1. Sort 79-89, 206-216 by packing, meaning the average of other beta carbons within 10 Å per residue, with the highest value first.
2. Counting only C-alpha contacts under 8 Å and six or more residues apart, can you give the relative contact order of the range 12-269 as a whole percent?
3. Stokes-Einstein at 37 °C, 0.692 mPa s, Kirkwood radius from Cα pairs: D for the chain in µm² s⁻¹?
4. If you take the square roots of the eigenvalues of the alpha-carbon gyration tensor of the range 87-149 and sort them as a ≥ b ≥ c, do you get rounded (a/c under 1.5), prolate (a/b over b/c) or oblate?
5. What is the distance, in nm, between label points placed 7 Å from the Cα along the Cα-to-Cβ direction at Ala187 and at Asp138?
6. Tell me which of Leu195, Phe233, Ala158 sits at the most positive position along the dipole axis of the chain, charges placed on C-beta atoms (Lys, Arg +1; Asp, Glu -1).
7. First check a/c for the range 165-256, with a ≥ b ≥ c the square roots of the eigenvalues of its C-alpha gyration tensor; if it is under 1.5, answer rounded, and if not, answer prolate when a/b is larger than b/c or oblate otherwise.
8. Straight distance only, please: which aspartates and glutamates reach the Cα of Lys22 with their own Cα at less than 13 Å, same-chain residues fewer than 8 apart left out?
Amino acid sequence: MSESHPRITASAEIRARIDTTKPHSARFWNYFVGGKDNYRVDREIGDQIKEIFPGLVDVAVTSRGFLGRSVRYLALECGIRQFLDIGTGLPTADNTHEVAQRVAPDSRIVYVDNDPVVLTHANALLSSSPQGRTAYLDADLYEPEAILDAARGTLDLAQPTALMILNTLGHVSAYEQARSLVNRLMAGLPSGSHLVLSDSTSTSEGMVAASKAYNESGAVPYYVRGVDEIAGFFDGLELVEPGVVQVTRWRPDGEVSEVAVDAYGAVGRKP
């Protein structure tokens, strides 16, 4: 761990906010990608949803692949050295800073989440290379200007920055509000910055049924959207080829791309 980052210690108040009686999206997703930071309630609803729609496991796994490929592309081909990752989720293999700093050790990454479960694991996100830097912000997506202000402690927001929002905006029930939040965040970043965004989509009956079962489980609801709505987040940006596509088909780098998944994403550049 870089000496510039003291360890984060989750207080008793933070730990008390963790509810192990209801499923939780970060823990649920962690279970689907093979992690161990989950509870019985998360595994139970996960197993139920696997029976309803086994394809959701593919969505979880391939979405991580999309994250890695997009970060590598931005660091290697676009020279991006700053990443603002909102809706971090629980640490797994190949987190944003690991992928970016493997390509460019001087990359700086700020992770943002306001979830007590994620906060208790935040130290795993601070293992920066000596040349770069990572930071974790306990902040709320609904306060984009506050996020940008706090990120300036680590990032130079006068320089191009990649805004990463993966599998997060489904928690915002109103589509126009979700678009407004993305627009406000991008408004604080300069020309040459990029938006990396992906989410589950209502592109099959199985995904719609899985979403309904999850939302009825007592968890904080997560809403799947149409492909046109995912595309709408990129209005005003220059889409990087191949545009808004299934996450498996975004620059697959020789990986299997034939798997059809109910998750779409893209990368867009701010002119």
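All of the numbers you see were taken from the coordinates with simple rules; none came from a lab. Note that the structure is a prediction, hence the values are computed from the model and not measured. Because the Cβ atoms are built from the backbone with ideal geometry, glycine has one as well, and the counts that use them run over all protein chains shown.
1. Working: 79-89: 23.3, 206-216: 16.8.
The densest-packed peptide leads the list: 79-89, 206-216.
2. Details: 476 pairs, mean separation 49.9, N = 258.
Contact order relative to length: 19 percent.
3. Details: Rh = 18.7 Å.
D, rounded to a whole number, is 176 µm²/s.
4. Values: a/c = 2.35, a/b = 1.47, b/c = 1.60.
Note, shape of the range 87-149 comes out oblate.
5. In this crude label model, Ala187 to Asp138 measures out at 2.9 nm.
6. Final value for the positive-end residue is Ala158.
7. On the way: a/c = 2.37, a/b = 1.29, b/c = 1.84.
It is oblate, given that a/c is not under 1.5 and a/b is not larger than b/c.
8. The qualifying aspartates and glutamates are Asp42, Glu44, Glu216.
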